[in-house]
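Chemist: Could you have a look at this structure, given as structure tokens, before my questions?
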Amino acid sequence: MSVTDPLADMLTKIRNASNAKFDKVDIPTSKLKLEIVKILKNEGYVKNFKKITQEGHSHIRVFLKYDDQNSPIIHGITRVSTPGRRIYAGYRRMPRVYNGYGTLIISTSTGVTTGKKAAEKKVGGEILCSVW
């Protein structure tokens, strides 16, 4: 079965590995996925990541983060805009995730960024996913 939405596949792998309390998860590499993982690290949802090349295939190894009670830091991660239903938002009508406690990841004309940074730069774009 071919993957028609690689970003949703990446988010599902991270969600499932986090719920199963895995230390790390490997994801096939793309520029968009790498930018999203960088945002997840900067926002404190994952410990670290690194790009790995094995036998001609490159992967992003994401090291997941847990709190003192060994519960995952990522409580939820969902895909908002899908290939069949694209969702866009201008900077004036940027939605908030859990009243500001979560993070929106948005693809703008200036690159992939968080919802707060996009609103500060006064740019809108496609809402890729939300994390809390």
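Chemist: Quick one: count up the residues across the range 117-132 that are of a type in the set (D, E, K, R) and either surrounded by 19 or more Cβ atoms within 10 Å (Cβ to Cβ) or touching an Asp or Glu at 6+ places or on another chain (Cβ under 7 Å) (or both).
Modeler: 0
Chemist: Do we find a residue being out of contact with any Phe, Trp or Tyr (no Cβ under 7 Å at 6 or more places or on another chain), among the small types (Gly, Ala, Ser), over 23 Å from VAL123 (Cβ atoms) and in a strand (DSSP E or B) anywhere in the range 52-60? Full working, then the answer.
Modeler: The initial filter retains those residues of the range 52-60 that are out of contact with any Phe, Trp or Tyr (no Cβ under 7 Å at 6 or more places or on another chain), namely 52-59.
Filter once more, keeping what is among the small types (Gly, Ala, Ser): 56, 58.
Filter again for over 23 Å from VAL123 (Cβ atoms), leaving 56, 58.
Applying the additional criterion that residues be in a strand (DSSP E or B) yields 58.
Checked against the condition, which is being out of contact with any Phe, Trp or Tyr (no Cβ under 7 Å at 6 or more places or on another chain), among the small types (Gly, Ala, Ser), over 23 Å from VAL123 (Cβ atoms) and in a strand (DSSP E or B), the range 52-60 yields at least one hit.
Chemist: On to the next question. Whether any residue in the range 74-94 is surrounded by 13 or more Cβ atoms within 10 Å (Cβ to Cβ), among the charged types (D, E, K, R), over 25 Å from GLU126 (Cα atoms) and in contact with a helix residue (DSSP H, G or I) (Cβ under 8 Å, 6 or more places away or on another chain) is what I want to check.
Modeler: No, the range 74-94 contains no residue that is surrounded by 13 or more Cβ atoms within 10 Å (Cβ to Cβ), among the charged types (D, E, K, R), over 25 Å from GLU126 (Cα atoms) and in contact with a helix residue (DSSP H, G or I) (Cβ under 8 Å, 6 or more places away or on another chain).
Chemist: Just need a number here: residues in the range 1-41 that are within 18 Å of CYS129 (Cα to Cα), buried (at least 19 other Cβ atoms within 10 Å of the Cβ) and of a type in the set (A, V, I, L, M).
Modeler: 10
Chemist: Shifting gears a bit: Sort out which residues of the range 86-126 are under 22 Å from GLY44 (Cα atoms), part of a loop (DSSP other than H, G, I, E, B) and basic (Lys, Arg), and write them in order of number.
Modeler: ARG96
Read the figures in this text as sums done on the coordinates, not as results from a lab. Quantities reported herein were computed from a predicted structural model and do not represent experimental measurements. So basically every Cβ, Gly included, is an ideal-geometry build from the backbone, and we count neighbours across all protein chains shown.
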